[in-house]
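Below is one structure, written out as structure tokens, with a few remarks after it.
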Amino acid sequence: MKPTPAKKPVPAKAAPVKAAPAKARAVVSQRDKFVPFLVAFAFVTLIGVAISIYFYWHNANKKPVSDSYLTLPEMVIDSDTQVVRLKVAIEVDGKDGDWVQTNKSKINQVFKEAVQEVDTDDFRNHDGCQAIQTQLKDQLNKQLKIDKIQGILYQDLLMQYK
């Protein structure tokens, strides 16, 4: 008798893996797509916050330059038909504020001369008042040989007819 070769053990067959239903696969797939968008959104938000903080601190140290104003003494314009009492402020850029303070008396003198040339009938309507403001501003800039005066603002305007 011949020895019979020993039979090799046959491995047990594994149970077949059942495929997940189609709906479950779709949900997993959508979650996998949502995560990169969520990460990208968080990254963009973080960059936006960092930029906002940078500009806030960068601009917080700057001093805003505002306009300067010089209030002139009250003036009276006497014409044949009416008397006008006028008090104005002269508007200049903030950086020219020191110049205005040092030249206050010269500005006042030139303004007195310019006011005497104004036609008082123009004060009767809004357009005329604006025209006088522009005329006074232009005359001041021209006679002082500057371009620093930005505007003439009425603080007090009183008219009395004769």
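Distances longer than 21 Å among the Cα atoms of the stretch 52-162: what percent of all pairs is that?
Numbers: 2581 of 6105 pairs.
Percent of Cα pairs beyond 21 Å in the stretch 52-162: 42.
Would you give the gap between the C-alpha center of the stretch 97-129 and the C-alpha center of the stretch 43-81, rounded to a whole Å?
26 Å
Name all residues of the stretch 99-120 having a backbone nitrogen under 20 Å from the label point set 7 Å from the Cα of Met159 along its Cα→Cβ direction, giving them as ranges.
Counting backbone N atoms under 20 Å from the label point, the list is 114-120.
So how far apart, in nm, are the two label points at Thr45 and Asp80 if each is 7 Å from Cα heading toward Cβ?
In this crude label model, Thr45 to Asp80 measures out at 7.8 nm.
Below 8 Å, C-alpha to C-alpha, sequence gap of six or more: please give me the relative contact order for the stretch 68-161 in percent. Intermediate results must be reported in sequence, preceding the final value.
Working: 138 pairs, mean separation 37.0, N = 94.
Normalised by residue count, the contact order of the stretch 68-161 is 39 percent.
Provide Ile152, Ile77, Ile146, Ile51 in ascending order of the number of other Cβ atoms located within 10 Å of each residue's Cβ, fewest first.
Ile51, Ile146, Ile77, Ile152
What FRET efficiency do you get for Asn61 and Asp121 if R0 is 35 Å and r is their Cβ-Cβ distance, rounded to the nearest 0.05?
Numbers: r = 52 Å, r/R0 = 1.48.
According to the calculation, E is roughly 0.10.
Can you list the aspartates and glutamates whose alpha carbon sits under 18 Å from that of Lys142, skipping same-chain ones fewer than 8 residues off?
Correct list for Lys142: Glu91, Asp93, Asp96, Glu113, Glu117.
All of the numbers you see were taken from the coordinates with simple rules; none came from a lab. Worth saying up front: this structure is predicted, and the values here are computed from it rather than measured. Cβ sites come from the backbone with ideal geometry, for glycine too, and all protein chains shown count toward neighbours.
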